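Colleague: I'd like to ask some things about the structure below.
The values are calculated or read from the model by the stated rules, or taken from the named source; none is laboratory data. Since the structure is predicted, the reported quantities are computational estimates derived from the model, not experimental observations. Positions of Cβ are generated from backbone atoms using ideal geometry, with glycine treated the same way; all protein chains shown enter the neighbour counts.
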Amino acid sequence: MFFLIQPEVREADVFTRMPERWRKPGVQTDWARANRGGLPTDSFLEGPVWDPAGYLFVTDIPHGRIFRISTNGEWELVAQYDGEPNGMKRYDDAHLLITDYRNGLMLLEIERGVVKPFLERRNSERFRGVNDLTFDSRGNLYFTDQGQSGLHDPSGRVYRLAPDGRLDMLLGNCPSPNGLVLSPDEKVLFVGMTRGNCVWRVPLQADGSVSKVGQFFTSYGPSGPDGLTVDCEGRILVANPGLGRVWVLNHRAEPVEVLINSAGTSLTNLCFGGDDMKTLYMTESVSGSVLKARMKVAGPLPHRAKT
C-alpha cells in the first residue's frame, strides 16, 4: 500500500498474558465453532476498558468471562456467566455495560460479579449478535449488531440508544460492523467494517439522522478493522486483527503511525489508560495477551451513561 506520508512503525510491548490457570485448553464452544472454524480456543480476549482506579478490564468471549488486571499484570476473575461478552464500556462507577454476542446488552455489577440483562431485544426481535459500543457526552449509546454479516450479506446494523430508552437504527446495510468511535466534536461516528476491510465515516445531523455516509479508510488482508478508539487530536486508531497491527490515522485517513506486535496475529481491540491516558492497551486475542504502547498524544476520558 502506498502512502503519501511515511508512517512511524513501532512494536508494542507485551504487558501481560493470561495465566495458565485461567486458560481452557480443549474446551469446545459454539462461538469458536462458528467464528474460529472449530479451532481450539483456550481464550479470546476483547473489550479492554480502563478503570481510573488503576485496573484494566477485558472480556473472554467464548468462555463468558470478565477479568480485571492490575497495573503489575495480575489477573482476577470478576464474573463468569452463560454468555459471549465482547465489547465493554464503563456505565457508571459500579457497573460495566457489555455487548454480548448471544444475549444482547448486559450490565455487570463489578463488585458482586453479577450480570443482568440491559437490552435483549428490539421490538420483540433478537439482535443478530451485538459487538461493540460507545457513549457520547449526552449519554447516548451507540452500538453495533454484527452477527454473521459480511459482503455476502451486508445486513449488519448500527443503533443509537437514547437515555430515555428510544432506540434508533442508524445503519442497516453494514458488511460486519464492529468497533465504533465518535470524533471529539461528536459530529461524526466512525465504524469498522471487518469483512468490508474498511472504516466508514458516518456524519451525524442535528436532528439525529445520518447523511452522506462514506468510506473513510481502506485496509487489506484476511480480516479487516475491528476495535476503534480516538485520541485528543482526533486521530482514529484502528485495531486490524488480520494484520496484527494498529493504524493511527490522521484526518485524511493517512496512517501516521503503525504499531505492530510479536505476540500473535489477532490484535482485536484497544483503549487508552494510565494516569495520563497516554498508555494504549491492546488485546491480542488468540495468544491471550494484552499489549501496551506509550503514545505521544493522550486519549480523552470516555463518556458514560447519564443515570
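Colleague: I'm told residue 5 meets every condition in (1) touching a residue at least 60 places away in the same chain (Cβ under 8 Å); (2) surrounded by 16 or more Cβ atoms within 10 Å (Cβ to Cβ) except one. Can you identify the failing condition by its number?
Modeller: Residue 5 satisfies all of (1) touching a residue at least 60 places away in the same chain (Cβ under 8 Å); (2) surrounded by 16 or more Cβ atoms within 10 Å (Cβ to Cβ) except (2).
To keep it simple, each residue is scored yes or no on (1) free of Cβ contacts under 8 Å to residues at least 12 places away in the same chain; (2) assigned to a loop (DSSP other than H, G, I, E, B); (3) surrounded by 19 or more Cβ atoms within 10 Å (Cβ to Cβ).
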position	(1), (2), (3)
148	no, yes, no
157	no, no, yes
163	no, yes, no
169	no, no, no
180	no, no, yes
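Colleague: Which is more than 20 Å from residue 63 (Cβ to Cβ) and either buried (at least 20 other Cβ atoms within 10 Å of the Cβ) or among the basic types (Lys, Arg) (or both), of 101, 91?
Modeller: The match here is 91.
Colleague: Name the residue, out of 80, 28, that is farther than 27 Å from residue 197 by Cα and modelled with pLDDT under 95.
Modeller: Going through 80, 28 in turn, the sole match is 28.
Colleague: Just one of (1) touching a Gly at 6+ places or on another chain (Cβ under 7 Å); (2) within 25 Å of residue 139 (Cα to Cα); (3) in a loop (DSSP other than H, G, I, E, B); (4) among the hydrophobic types (A, V, I, L, M, F, W, C) trips up residue 298, so point out which.
Modeller: (1)
Colleague: Which residues, counting only those in the range 253-270, are aliphatic (A, V, I, L, M), modelled with pLDDT of 95 or more and not in a strand (DSSP E or B)?
Modeller: 253
Colleague: Next question, about the same structure. Could you list, ordered by first residue, the pairs with Cβ atoms under 7 Å in which the first is in the range 47-72 and among the acidic types (Asp, Glu) and the second is crowded, with 20+ Cβ neighbours inside 10 Å and part of a strand (DSSP E or B), at least 6 apart or interchain?
Modeller: Pairs that qualify, where the first residue is among the acidic types (Asp, Glu) and the partner is crowded, with 20+ Cβ neighbours inside 10 Å and part of a strand (DSSP E or B), are 51/57; 60/45; 60/67.
Colleague: Scan 31, 50 and give me the residue that is hydrophobic (A, V, I, L, M, F, W, C) and over 16 Å from residue 288 (Cβ atoms).
Modeller: 50
Colleague: Please specify each residue of the range 108-133 satisfying the condition of being surrounded by 10 or more Cβ atoms within 10 Å (Cβ to Cβ), of a type in the set (D, E, K, R) and without any contact (Cβ under 8 Å) to a residue 24 or more places away in the chain.
Modeller: Correct list: 109, 112, 116, 120, 121, 126.
Colleague: Just to be sure I understand, how many residues within the range 252-279 are aliphatic (A, V, I, L, M) and under 13 Å from the mean Cα position of the chain (by Cα)?
Modeller: Going through the range 252-279 one residue at a time, the tally reaches 2.
Colleague: Only one of 253, 206 is surrounded by fewer than 19 Cβ atoms within 10 Å (Cβ to Cβ) and on the phi > 0 side of the Ramachandran plot. Can you tell me which?
Modeller: 253
Colleague: Please specify each residue of the range 239-251 satisfying the condition of being farther than 13 Å from residue 228 by Cβ, part of a loop (DSSP other than H, G, I, E, B) and either at pLDDT 95 or above or under 16 Å from the mean Cα position of the chain (by Cα) (or both).
Modeller: Result: 242, 244, 250, 251.
Colleague: Suppose we filter 22, 31 for residues that are surrounded by 15 or more Cβ atoms within 10 Å (Cβ to Cβ), of a type in the set (Phe, Trp, Tyr) and farther than 15 Å from residue 77 by Cα; which single one remains?
Modeller: The unique qualifying residue is 31.
Colleague: Among residues belonging to the range 189-214 that are of a type in the set (A, V, I, L, M) and closer than 15 Å to residue 138 by Cα, point out the one that is modelled with the lowest pLDDT.
Modeller: Ranking the qualifying residues of the range 189-214, first place goes to 206.
Colleague: Is there any pair linking a residue in the range 11-32 that is at negative phi to one that is modelled with pLDDT under 90 and surrounded by 16 or more Cβ atoms within 10 Å (Cβ to Cβ), with Cβ under 7 Å and at least six apart or on different chains, and which?
Modeller: 11/261; 12/261; 14/263
Colleague: Identify, by number, the condition in (1) more than 23 Å from residue 171 (Cα to Cα); (2) of a type outside the set (Gly, Ala, Ser); (3) in contact (Cβ under 8 Å) with a residue 24 or more places away in the chain; (4) in a loop (DSSP other than H, G, I, E, B) that residue 222 doesn't meet.
Modeller: Of everything listed in (1) more than 23 Å from residue 171 (Cα to Cα); (2) of a type outside the set (Gly, Ala, Ser); (3) in contact (Cβ under 8 Å) with a residue 24 or more places away in the chain; (4) in a loop (DSSP other than H, G, I, E, B), residue 222 misses just condition (3).
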